Amino acid sequence: MSTSEQSDLVTQRRKKLESIVALGFAAYPERYDCTHSLRQIVDAYSSHTAEQLTAERVNVRVAGRVMTIRPHGKAGFAHLQSGGARLQIYVRLDAVGERGFELYKLLDLGDLVGVEGYLFRTRTGELSVHAERLMFLAKALLPLPEKWHGLSDVEIRYRQRYVDLMVNPEVRDTFVKRSRMVRAIRDFMDAEGYIEVETPMMQPLAGGAMARPFVTHHNALDLKLYLRVAPELYLKRLIVGGLERVYEINRNFRNEGISTQHNPEFTMLEFYQAYADYHEMIALTERLLKQVAETVNGSLGFEFAGQRISLERFERLTMKEAVVRHWPEGAAGPKLEDLADPKAIPPWVDTYNGWARSSGREPLEVDRKASPGAALQALFEEVAERHLVQPTFITDFPLEVSPLSKQRPDDPNYVERFELYIAGMEIANAFSELNDPEEQRRRFQYQQMLREKGDLTAHAIDEDYIRALSYGLPPTGGEGIGIDRLAMLLTDSKSIRDVILFPLLRPQPTESS
RNA sequence: GGGCCGGUAGCUCAAUGGUGGAGCACUGCCCUUUUAAGGCAGGGGUUCUGGGUUCGAGUCCCAGCCGGCUCACCA
């Protein structure tokens, strides 16, 4: 790992670079004009026979990274890799000349080269470039990982993603797919009449979600700033201003734990639609996810962590129904009517904990004085969440855990809100937006009270947001969708780090420090 | 933060407490249709770090560093 251990290999390669320069090649030339990408050649000529290629004589100039080298005396082969495609080149002394062949002999795995020649098929039938000119483009001073086991050390894969991408094709595929997914989302939102906006990442108040923020400081203004935990409050200000359908795809930052489902910075799609409510958000979510899955995977069904998941049908359950349905087998659980009275909910935490202790599980840590809503949510997350494998909208969230949602007209203890679960993961969170400034102030005051009791994730009072609501926010539906988790689902990635190019790791200890 | 697991050559991995190895990669030589090319000959190690036990530690013990999984928190 240390540079001293690699110095032999690096020194050898430096000397080869000197030899290449001595042959008259630039060490780091400016450019190389290709006639084709490797992908274009593979796509266009993989069905051509040897005879067709000979008859047509297709001249090409291509470039790529050397991934294999097989020298044979006065000739030799190599594979170039570029853009996710590989193409073999055949280099003979009598075709490329002394200088070109000297260059070939000085090549190392990982070097970048350009080749000019014509397409042909080898005796074994592989489409190849018969090289007539070889061009040196850049040196790999560091050696590539082993050629068929690739790179499997996850720490190096995350820390040196560039190497991971070079040698593990499925990693490249995952990130290409993620890009197509985001493209499909933008296409969908645009077609729905939404406009894409960007709102502040640095905010004087960190609102819009219950999470601990990162703190930073602006020197010139001598101002404490938070990296945003959500864009929500700004996007709704835009609805007030008359941008009636807005979305943003961007990073949120939450100063919480790291896990296979959590990275401190993660990407969220958030969107708001005036004159809509959470029912419309449910309908839109279904259409969005179906279209995205079709575009990315060509199917509504996919495999995730060994489970077959289908976006054909989306189930709906209220939070209470989910708790009742998924209460652990063998434990005496509540019926729906047992949860009707909010005051009846917290005792079920004790019931659950009794069962948990007797069966060797961790009991829930819910404050005895926690609100009925917090108790219900805790129960839901403990007993139900992991069972929600097929897409399921959970509706009817408790008021106390939903400071920005509109109350249900028929039951003010609950709000018009849903979360979408797939494969046991929370994928989306949406609600009919609370647009009564007086009620919003009371919600903020409740949050403030939680804050003073030590809950660092509770909202601070945002006076300007209340002012914006006071100008009149139309009835509005809003939603956030976790882009990384959606990418996990569509690429069958078990860890969020496998869909984030550079996941956060502790910095590598350096030898000097 | 807790629990469990891991860290040996550039990479992938071996090695009862008893002289640290293999394959690939690398170096030299041979080879003008190979593809895990082949043949011959070589070089390469602070076994993550620091202590301890022992005649002797990659191996056992303790502490630390880094990572993975998992639980907690959260999305």
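The values are calculated or read from the model by the stated rules, or taken from the named source; none is laboratory data. Everything numeric in this text was worked out from a predicted model, so none of it was measured. FYI the Cβ positions are ideal-geometry reconstructions off the backbone, even for glycines, and counts take in every protein chain you see. Surface areas here come from the heavy atoms of the whole protein model, side chains and all, with no ligands, DNA or RNA. Shrake-Rupley method; radii C 1.70, N 1.55, O 1.52, S 1.80 Å.
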Output for the stretch A:139-174, where each listed residue is within 21 Å of A:THR260 (Cβ to Cβ), outside any helix (DSSP H, G or I) and open to solvent by less than 70 Å² (accessible area, probe 1.4 Å): A:LEU151, A:GLN160, A:ASN168
Residue within the stretch A:229-243 that is surrounded by fewer than 21 Cβ atoms within 10 Å (Cβ to Cβ) and assigned to a strand (DSSP E or B) present: no
Positions within the stretch A:348-372 being farther than 16 Å from A:GLU321 by Cβ and in a helix (DSSP H, G or I), in sequence order: A:VAL349, A:ASP350, A:THR351, A:TYR352, A:ASN353, A:GLY354, A:TRP355, A:ALA356, A:ARG357, A:SER358, A:PRO372
Residue list for the stretch A:70-105, restricted to those being surrounded by 19 or more Cβ atoms within 10 Å (Cβ to Cβ), within 8 Å of RNA strand B (Cβ to nearest atom) and in contact (Cβ under 8 Å) with a residue 24 or more places away in the chain: A:GLY76, A:TYR90
Some residue of the stretch A:266-275 being out of contact with any Gly (no Cβ under 6 Å at 6 or more places or on another chain), buried (at least 21 other Cβ atoms within 10 Å of the Cβ) and of a type in the set (Phe, Trp, Tyr): yes
Scope the stretch A:244-269; condition in a strand (DSSP E or B), over 27 Å from A:LEU473 (Cβ atoms) and of a type in the set (Asp, Glu); matching residues: A:GLU265
Failed item, numbered, when A:PRO474 is tested on (1) at pLDDT 95 or above; (2) in contact with a helix residue (DSSP H, G or I) (Cβ under 9 Å, 6 or more places away or on another chain); (3) within 16 Å of RNA strand B (Cβ to nearest atom): (3)
Count of the stretch A:128-149 residues which are within 7 Å of RNA strand B (Cβ to nearest atom) and in contact with an Asp or Glu (Cβ under 8 Å, 6 or more places away or on another chain): 1
Residue tally, condition without any contact (Cβ under 8 Å) to a residue 12 or more places away in the chain and assigned to a strand (DSSP E or B), over the stretch A:414-446: 0
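Among A:LEU127, A:LEU142, A:LEU119, which is the only one that is touching a helix residue (DSSP H, G or I) at 6+ places or on another chain (Cβ under 9 Å) and over 23 Å from A:TYR45 (Cβ atoms)? First the steps, then the outcome.
Numbers: A:LEU127 fails: over 23 Å from A:TYR45 (Cβ atoms); A:LEU119 fails: over 23 Å from A:TYR45 (Cβ atoms).
Only one candidate passes the filter, namely A:LEU142.
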Lone unmet requirement of (1) within 13 Å of RNA strand B (Cβ to nearest atom); (2) open to solvent by 40 Å² or more (accessible area, probe 1.4 Å) for A:TYR446: (1)
